[in-house]
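Here the structure is laid out as structure tokens; the discussion comes afterwards.
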Amino acid sequence: DLAVTVMTTFLWLVSTSAWAKALTDIKISTGASIIPQIESCKAPGTTCHFASVTSMGTLNVSVVFGLLNMVLWGGNIWFVYKDTNL
């Protein structure tokens, strides 16, 4: 049980970190910095304006809940350790 709990905690940390990195990449690739890279915006006489991006607040919350879940599993390691006969 102890090994499974430690492994689950580690996997929660890794997966939450990967999701946070992916979310950062999504925000960068859909932000205003993408305008100069669009071919049709480079045409002479064309002006492109960045209006808005859909709110990503719920995605940020999912990262926070992932970290909280990892903390919960990490806290459970102590209790599993106390009940494990080594």
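The values are calculated or read from the model by the stated rules, or taken from the named source; none is laboratory data. Small disclaimer: the values here were computed from a predicted structure and weren't measured. Every residue, glycine as well, gets a Cβ built from its backbone with ideal geometry; the counts of neighbours run over all protein chains shown. What goes into the accessible areas is simple: the full protein's heavy atoms, side chains included, and nothing from ligands, DNA or RNA. Shrake-Rupley method; radii C 1.70, N 1.55, O 1.52, S 1.80 Å.
Would you call Thr9 in contact (Cβ under 8 Å) with a residue 60 or more places away in the chain, open to solvent by less than 50 Å² (accessible area, probe 1.4 Å) and either closer than 30 Å to Lys82 by Cβ or in the same structural domain as Tyr81 (by the TED database) (or both)?
Against the criterion (in contact (Cβ under 8 Å) with a residue 60 or more places away in the chain, open to solvent by less than 50 Å² (accessible area, probe 1.4 Å) and either closer than 30 Å to Lys82 by Cβ or in the same structural domain as Tyr81 (by the TED database) (or both)), Thr9 qualifies.
Condition first: under 18 Å from Val61 (Cβ atoms) and among the β-branched types (Val, Ile, Thr). Now tell me which residues in the stretch 6-29 satisfy that.
Once the filter is applied, which keeps residues that are under 18 Å from Val61 (Cβ atoms) and among the β-branched types (Val, Ile, Thr), the stretch 6-29 yields Thr16, Thr24, Ile26.
Can you confirm whether Ser17 is modelled with pLDDT of 85 or more, under 30 Å from Asn76 (Cβ atoms) and not assigned by the TED database to the domain that holds Gly74? Let's see the steps before the verdict.
Values: modelled with pLDDT of 85 or more: yes; under 30 Å from Asn76 (Cβ atoms): yes; not assigned by the TED database to the domain that holds Gly74: yes.
Yes.
Filter the stretch 49-77 for residues that are more than 22 Å from Ser15 (Cβ to Cβ) and among the hydrophobic types (A, V, I, L, M, F, W, C) and give the result.
From the stretch 49-77, those more than 22 Å from Ser15 (Cβ to Cβ) are 49-55; that's our starting set.
Once the filter is applied, which keeps residues that are more than 22 Å from Ser15 (Cβ to Cβ) and among the hydrophobic types (A, V, I, L, M, F, W, C), the stretch 49-77 yields Phe50, Ala51, Val53.
I need every pair where a residue in the stretch 46-70 that is in contact (Cβ under 8 Å) with a residue 12 or more places away in the chain and β-branched (Val, Ile, Thr) has its Cβ under 6 Å from the Cβ of a residue that is in a loop (DSSP other than H, G, I, E, B) and open to solvent by less than 50 Å² (accessible area, probe 1.4 Å), sequence separation at least 6 or different chains.
none
State whether one or more residues within the stretch 77-85 are at pLDDT 85 or above and surrounded by 14 or more Cβ atoms within 10 Å (Cβ to Cβ).
So far as the stretch 77-85 goes, yes, one or more of its residues are at pLDDT 85 or above and surrounded by 14 or more Cβ atoms within 10 Å (Cβ to Cβ).
Just give me the residues in the stretch 22-59 being outside any loop (DSSP other than H, G, I, E, B) and surrounded by 11 or more Cβ atoms within 10 Å (Cβ to Cβ), in sequence order. Break it down into steps so the answer makes sense when it comes.
If we filter the stretch 22-59 for residues that are outside any loop (DSSP other than H, G, I, E, B), which is where we start, we get 22-29, 32-37, 39-41, 57-59.
Selection gives Ala22, Leu23, Thr24, Ile26, Lys27, Ala32, Ile34, Ile35, Cys41, Leu59.
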